[in-house]
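Contents: one structure, followed by commentary.
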Amino acid sequence: MEITSVNNVLIKETAKLHQKKYRDLYKKFIVEGYHLYTEASKFNVIDSVFTSDREIKGDNVHYVSERILAKIATTKSPQKVLCVCHKLNKKTVTDKVLILNNVQDPGNLGTLLRSALAFEFNTIILDNTVDLYNSKVIRSTQGAIFHLNIFIMETLDFIEKYPKYFIYGTLSNGVSLAEIKSHQKVAVVLGNEGQGIATEILQKTHENITIKTKTVDSLNVGVAGSIIMHYINNN
């Protein structure tokens, strides 16, 4: 199918997905570029494809001009393909879990999702975080979002529902990362960029971790979380 007008109803409806309320309403989100299109194609989540690349074919492919792509893309110089995906389905909770409590920066969330996949923390719990389907989050995951098992859930509900997990929090005066022990089922909680983890959650953790640093007082949550996951995955 070819669409030639920026005023086409489907184009207008797709552009609405820039807003969270419509992503929630339609249970869909946008991914841009060849790499994310390729990753999404592996998981049967694509609803429709918009492209000016005639090499891309399929029943759900809509050929459009670059002007139309610019209308429905969020990047300044979009690549020649963009697709609308269905929101991801939940799966079984795995042995290593990353819990994000009130993380608000899209770049931090994207970094943590990518590191979680790299270090086999394949289940993610999002508690009052920035929207998972924010365009900046999607781009910064570089496709990791499609490989992970992601739940929207309160941290305290997870702790109550899954009592077999050893829960690590993060705190400036906690136990040194080098001193922690391995556990078969483990969850790491990371908190807000400025405020850290909520007090009521820290009261429920089994142990709290600190990363010893020199010169600087603290690390960015994306960096700290990546270091912790790497350490646990390799010990």
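One residue stands out among those in region 64-107 that are touching a helix residue (DSSP H, G or I) at 6+ places or on another chain (Cβ under 6 Å), among the aliphatic types (A, V, I, L, M) and over 22 Å from D53 (Cβ atoms): the one that is surrounded by the most Cβ atoms within 10 Å (Cβ to Cβ), which is I99. When I56 is tested against (1) in a loop (DSSP other than H, G, I, E, B); (2) at pLDDT below 95, only condition (2) is not met.
Matching residues to (1) among the β-branched types (V, I, T); (2) closer than 14 Å to I99 by Cα; (3) over 20 Å from the mean Cα position of the chain (by Cα):
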{"position": "V189", "(1), (2), (3)": "yes, yes, no"}
{"position": "T199", "(1), (2), (3)": "yes, no, yes"}
{"position": "V221", "(1), (2), (3)": "yes, yes, no"}
{"position": "S226", "(1), (2), (3)": "no, yes, no"}
{"position": "Y231", "(1), (2), (3)": "no, no, yes"}
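For R139, the criteria (1) within 30 Å of Y34 (Cα to Cα); (2) at pLDDT 95 or above; (3) crowded, with 19+ Cβ neighbours inside 10 Å hold in every case but one, which is (2). Which one is surrounded by the most Cβ atoms within 10 Å (Cβ to Cβ), of the residues in region 108-136 that are aromatic (F, W, Y) and within 14 Å of N233 (Cα to Cα)? That would be F121. Go through region 159-177 and give me each residue that's surrounded by 10 or more Cβ atoms within 10 Å (Cβ to Cβ) and not hydroxyl-bearing (S, T, Y). Result: I159, E160, K161, F166, I167, G169, L171, G174, V175, L177.
Name the one entry in V6, V49, V31 that is in contact (Cβ under 8 Å) with a residue 24 or more places away in the chain, β-branched (V, I, T), part of a loop (DSSP other than H, G, I, E, B) and surrounded by 13 or more Cβ atoms within 10 Å (Cβ to Cβ).
None of the other options fit; the residue is V6.
Looking for something in a loop (DSSP other than H, G, I, E, B), among the β-branched types (V, I, T) and under 30 Å from E2 (Cβ atoms) - is there at least one such residue anywhere in region 101-115? So far as region 101-115 goes, no, none of its residues is in a loop (DSSP other than H, G, I, E, B), among the β-branched types (V, I, T) and under 30 Å from E2 (Cβ atoms).
The values are calculated or read from the model by the stated rules, or taken from the named source; none is laboratory data. The structure displayed is predicted, hence computed values, not measured ones. Positions of Cβ are backbone-derived with ideal geometry, glycine not excepted, and every protein chain shown enters the neighbour counts.
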